[in-house]
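Contents: one structure, followed by commentary.
The values are calculated or read from the model by the stated rules, or taken from the named source; none is laboratory data. If you're wondering where the values come from, they're calculated on a predicted model, not measured in any experiment. FYI the Cβ positions are ideal-geometry reconstructions off the backbone, even for glycines, and counts take in every protein chain you see. We work out accessible area using only protein heavy atoms, side chains counted, and drop any ligands, DNA or RNA first. Shrake-Rupley method; radii C 1.70, N 1.55, O 1.52, S 1.80 Å.
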Amino acid sequence: MKSATFKVWRGDQEGGDFETYDVDLEPGYVVLDAIHKIQAEQATDLACRWNCKAGKCGSCSAEVNGSPRLMCMTRVEDVAGDGPITVEPMRAFPVLKDLVTDVSWNYEVKASIQPVTPREPDFEDGSWEMQQYDVERPQEFRKCIECFLCQNVCHVLRDHQMHAEFAGPRHFVFAAQAEMNPIDVGDRVAQLRDDLGIGYCNITKCCTNVCPEGITITDNAIIPLKERVVDRSYDPIAKIARSVFGGADDD
Amino acid sequence: MSAYQEFEHDVLVIGAGGAGLRAAIEAAAAGVNVGLVCKSLLGKAHTVMAEGGMAASMGNVDERDGWKTHFADTMRGGQYLNSWRMAELHAKESPERARELEKWGALFDRTPDGKILQRNFGGHKYPRLAHVGDRTGLEMIRTLQDHGIHQGIDVHMEVTVTRLLKDGERCVGAFGYDREQGRFRIFKAKAVVLATGGLGRAYLVTSNSWEGTGDGHSLAYHAGAEMRDMEFIQFHPTGMIWPPSVRGILVTEGVRGEGGILRNSKGERFMFEDIPPLYIDQTADNPEEGWRYVTGDRDARRPPELLTRDHVARKIVKEVQEGRGSPHGGAFLDISWIKEHIKDSEGHIKKKLPSMYHQFKELAGIDITKEPMEVGPTTHYAMGGVAVDADTQMTTTVPGLFAAGEVGGGLHGANRLGGNSLSDLVVFGQRAGEYAAKFAKDNPNYTVSEAEIEEAATEALAPLERGVTSVNPFQLQFELQTMMQNKVGIAREEEGLSEALGSIGEIAGQLADVGAGGNRWYNPGWHTALDLKHLLTVSEAIALSARERKESRGAHSRLDHLDKDKAWSTFNHVVRKGPDGEMIIERRDIPPIRQELQDILEEEG
C-alpha cells in the first residue's frame, strides 16, 4: 500500500465536517503517523492529542472508521478497505477542535472518589507486607492508561448522556483498584451506589471490548463492586442480622 | 494590548511528570498555595513511558545492597563527573521515596516474603529496581497524580510556558498560553520549580514525546541560569528500528535484565568483547555465568548486556559499521532464547514484559516469545541540565528558580544508569518542593514587570500574526532534528560539530520568518513554532559543549578523540547567556569530594 485517503473531521463546538486528505504511506504506518503527516504538510492547524506514540499514555483516542481506537496503535493496513479511512473525535465528550475533546469531566469525577486509605504500616520503616497474589488483582486495574475509550462506548454516557449520575467504567476500575488494594481501609460502597451510579451499568461489556490494555472491566471490576453494593444494601438476611447484632444500614 | 488571565501562587511548578508532581505535593504539604502547570493533560507526561523501574537500595532481594553501593555505582556510571553530593542524597533518600509511594496507593511487584521486589539493571551491582512489570513509570505517575489531586493543588492542564518572569535577578513567575483557546496566562509566584523533563525532540530518532523540547532548560537559560554537562546525551541502546513509523520507541532495558541477549547478523553474542576496564571485575566471563546472574545467583557476575547504556549503544553501532548489523541497521535482541532454560518461557515473558510483548506484536508484527527483536540506539535522556544547588535544587544564579528531574543537571554525570531517573524524580522533586515552599515563605514581596509581559505576548503571537509563510514550523523542526541526528549524534567530530553550530545559526535566522496558519484555538503549527526557540537553544548548548570536550567519556563519543583523558575528569562544562545574548561556555572545577565519600568509592572498587 503506497497511499491512502483519509476523511478527517474538522470543526469545533459550532459544528464541522469531514475533510479529505491523500497521504503517502511508509511501511508500518499507524493512523497517528498519517495524522501527523497531514499536519506537517497539508494542515498545520489540525488539532489532535498525542504523547508517547506507543500505547502507554492514552492521549490519542479517536474513532477510526467508527471504532474507538488509540490512533498510535492502529495500523493503517488493518483499517484500510475500499473507501477512505474516517477519523473523528470521541463522541461521548464535547468537541474542542478537530480530534480534540473536552475530557475534563473525567478528572472531576475521579477527584470525588475516595483515594487509597492505608492501614497502619506493618514495619517500622513505613512499609507493608503484601503477597504477589494479593496485589495482582488491583494491579490489573492499575494498568489503565486513562484513554477514556471505555467511557466513550458506554451507552449510559454516549447515548443517554447521564454524566451527572453515572461515573462510567473508568471510574469503577479506579474505585476497584482502591477497594482491592491490600492495605486499603477505605469504604466506597455507599458512594458507588448513591453518587457514582453503578446500578445503571447493565453489564453489556462494551467497555471491556474496547480496552486497549485488555482490562476485564466488567467481570473483574464492575461486577465485584456491584456485589459489594448488593451485599451491603439489598441482602435481606444481612439486614436482619444488622437489626439483631447492630451495625449501620448504610442508608 | 492582549488580554490575560492572571493567577497567583506561592509556588508555581512547571511540568507535571514525576518530579513536578512530587514537588507540588511537598510544597502543598508545607502549607503554601501551589499551582501546577502541565503541557499535556494531567497524567500523560513522559514519566508514563518509563518502563524498567526505580532504583532504591532497599536490599529486599540482596541484603548486601545499601546506599553506599548505590552511590558508588552511580558515580562509576557517570564517570565521576557527577555532583557527588546529589549522588549521595539520591542514594540515601530513594528507599524512603519508594516506600512512600505505596502509602499513596502504588503496588509494586513483590518478593516471596511480601516485600517490594527488586530487579537487575545495567550498572547496578545488586538487584535494585522496584518495579511493576514493565510499566513502572505509569504506576509512579498515576500514584502521584491520584494523591496529588487531593492536596489542594491548582492544576493548569494543557498550558505551555514560553517565558519566565523576573524581578531583578529573581524569578517571580511565568508567562504562557493554554492550548485549548490560545489565551495568555500570567502566573505570579514567589518561587518557581522547573520540572519540564528532557529535550529528545532535538533529534530525529528519539523515545521522547512531542513535549520533550527542552523548554525548562531554555527558559532557565534565557532567565540567567546556567546549564551544565550538556554534551552528555544518552542514546538508549535499544530503541525499535523497524518499521520506520516506530523508529525510536523504547525497548526497556528490563528485557536484558530478564535475560535478553544481543546478537549480530552472524548470530554472535558480541557483547563479550571489549569490556571496559572499569567493569572487568564485575562482568561475567561466559554466557552460563551471565544466565546465573539474571536468575539470582549471588555469586555470579552480570552479563555484558547489562553494562552501562553508553557502552552497549556504542557496541551496537560498531557491529553495524563493521557490516554485522541486522537488516535495518541495528542488532538482534533476543529474549525468546530463554526457552532453553525455562519451561513455560512464553508465559514468563508475557508476565515479566507485557507491554514489550504487546508493542512488538501490534506495531511490528513480531512475537518476542518466539523471535528476536531488531533494536538500535535512540535519543533518550539529557544527563545535562540546569545547574542547581545539590541540597535545595535552587539554580545557582537565579534566586527563586528551582529545577528537579531531567531538567536539573548533576546527578548523572557523563552517563545515567537505568532506574536512576525515576528515583531522581521523587528524591529531588521532594527537595525542590520543600525548599521552594521555604523560599516563598521567606521572600513574600516581589513585583512583576508589565513591560516584560507585553514583550512575552508580542513574541508569542508573532508566528500566528505572520500567518502561512514559506517557512513551515514542522519542516523547520524536521530540518533541525535531521541535522542534530547526523552531526551531534552518538559519534561526533570537530568538523561536524562546527558545521552543526553553523546550521543552528542559520535555522535560528529563519525563526523570524516561521509562520502558522489558522487561529488561536488548539493550533499545533503555532505551538510547534514557539517550541522551536527552545529546541534551538538546547541544540546549541549540546553542540557547543560537545565540540569543547575533546575526549570520549560516558555518553559523549568523539571519533577524533577516541580515548578518555584524565585531564578532562576534573571539571564540568557550563553554558550561560552572555551580555550580548551569545552563548558562553566555561569550565567549572568539580569541588573536592568529602573524604568519607572518597573512602566509599575506594572500598566499593
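Looking at B:Glu139, B:Glu96, just one residue is facing another protein chain (nearest Cβ under 8 Å) and either surrounded by 24 or more Cβ atoms within 10 Å (Cβ to Cβ) or part of a loop (DSSP other than H, G, I, E, B) (or both), and that residue is B:Glu139. Yes or no: the range B:405-425 includes at least one residue that is in a loop (DSSP other than H, G, I, E, B), without any contact (Cβ under 8 Å) to a residue 60 or more places away in the chain and not basic (Lys, Arg). Within the range B:405-425, not a single residue is in a loop (DSSP other than H, G, I, E, B), without any contact (Cβ under 8 Å) to a residue 60 or more places away in the chain and not basic (Lys, Arg).
Out of the residues in the range A:116-134 that are open to solvent by 60 Å² or more (accessible area, probe 1.4 Å), assigned to a loop (DSSP other than H, G, I, E, B) and not acidic (Asp, Glu), state the one that is farthest from the other protein chains (Cβ to nearest Cβ). Filtering the range A:116-134 for residues that are open to solvent by 60 Å² or more (accessible area, probe 1.4 Å), assigned to a loop (DSSP other than H, G, I, E, B) and not acidic (Asp, Glu), the one farthest from the other protein chains (Cβ to nearest Cβ) comes out as A:Arg119. Taken over the range A:34-49, the criterion of being at the interface with chain B (Cβ under 7 Å from one of its Cβ atoms) and either out of contact with any strand residue (DSSP E or B) (no Cβ under 8 Å at 6 or more places or on another chain) or of a type in the set (S, T, N, Q) (or both) is satisfied by A:Gln39, A:Ala40, A:Thr44, A:Asp45.
When you look at A:Asp102, is it of a type in the set (Asp, Glu) and free of Cβ contacts under 8 Å to residues at least 12 places away in the same chain, yes or no? For A:Asp102, the condition - of a type in the set (Asp, Glu) and free of Cβ contacts under 8 Å to residues at least 12 places away in the same chain - is met. Scan the range B:444-473 for residues that are surrounded by fewer than 19 Cβ atoms within 10 Å (Cβ to Cβ), part of a helix (DSSP H, G or I) and in contact with a Gly (Cβ under 8 Å, 6 or more places away or on another chain) and report the count. So the answer is 1.
When you look at A:Leu96, is it within 8 Å of chain B (Cβ to nearest Cβ) and more than 21 Å from B:Leu138 (Cα to Cα), yes or no? When the stated conditions are applied, A:Leu96 passes them. A:Phe174 versus (1) within 14 Å of another protein chain (Cβ to nearest Cβ); (2) buried (at least 23 other Cβ atoms within 10 Å of the Cβ); (3) touching a Gly at 6+ places or on another chain (Cβ under 7 Å): which is the lone unmet condition? If we test A:Phe174 against (1) within 14 Å of another protein chain (Cβ to nearest Cβ); (2) buried (at least 23 other Cβ atoms within 10 Å of the Cβ); (3) touching a Gly at 6+ places or on another chain (Cβ under 7 Å), just (3) comes out false.
Name the single residue, out of those in the range B:521-557 being outside any helix (DSSP H, G or I) and in contact with a strand residue (DSSP E or B) (Cβ under 7 Å, 6 or more places away or on another chain), that is farthest from the other protein chains (Cβ to nearest Cβ).
If we filter the range B:521-557 for residues that are outside any helix (DSSP H, G or I), which is where we start, we get B:521-523, B:549-557.
Next cut, in contact with a strand residue (DSSP E or B) (Cβ under 7 Å, 6 or more places away or on another chain) only: B:521-522, B:549-552, B:555, B:557.
Values: B:Trp521: 5, B:Tyr522: 4, B:Arg549: 32, B:Lys550: 37, B:Glu551: 35, B:Ser552: 31, B:Ala555: 23, B:Ser557: 27 Å.
That would be B:Lys550.
You will find that of B:Glu406, B:Glu340, B:Glu362, the residue that is surrounded by fewer than 20 Cβ atoms within 10 Å (Cβ to Cβ) and either charged (D, E, K, R) or in contact with a Cys (Cβ under 7 Å, 6 or more places away or on another chain) (or both) is B:Glu340 and no other. Are any residues in the range B:449-463 more than 17 Å from B:His222 (Cα to Cα) and in contact with a helix residue (DSSP H, G or I) (Cβ under 7 Å, 6 or more places away or on another chain), and if so, which ones? Hit for the range B:449-463 is B:Pro463, nothing else.
When we screen B:Gly325, B:Gly384, B:Gly329 for residues that are open to solvent by less than 10 Å² (accessible area, probe 1.4 Å), away from chain A (no Cβ under 14 Å) and touching a residue at least 40 places away in the same chain (Cβ under 8 Å), the only hit is B:Gly384.
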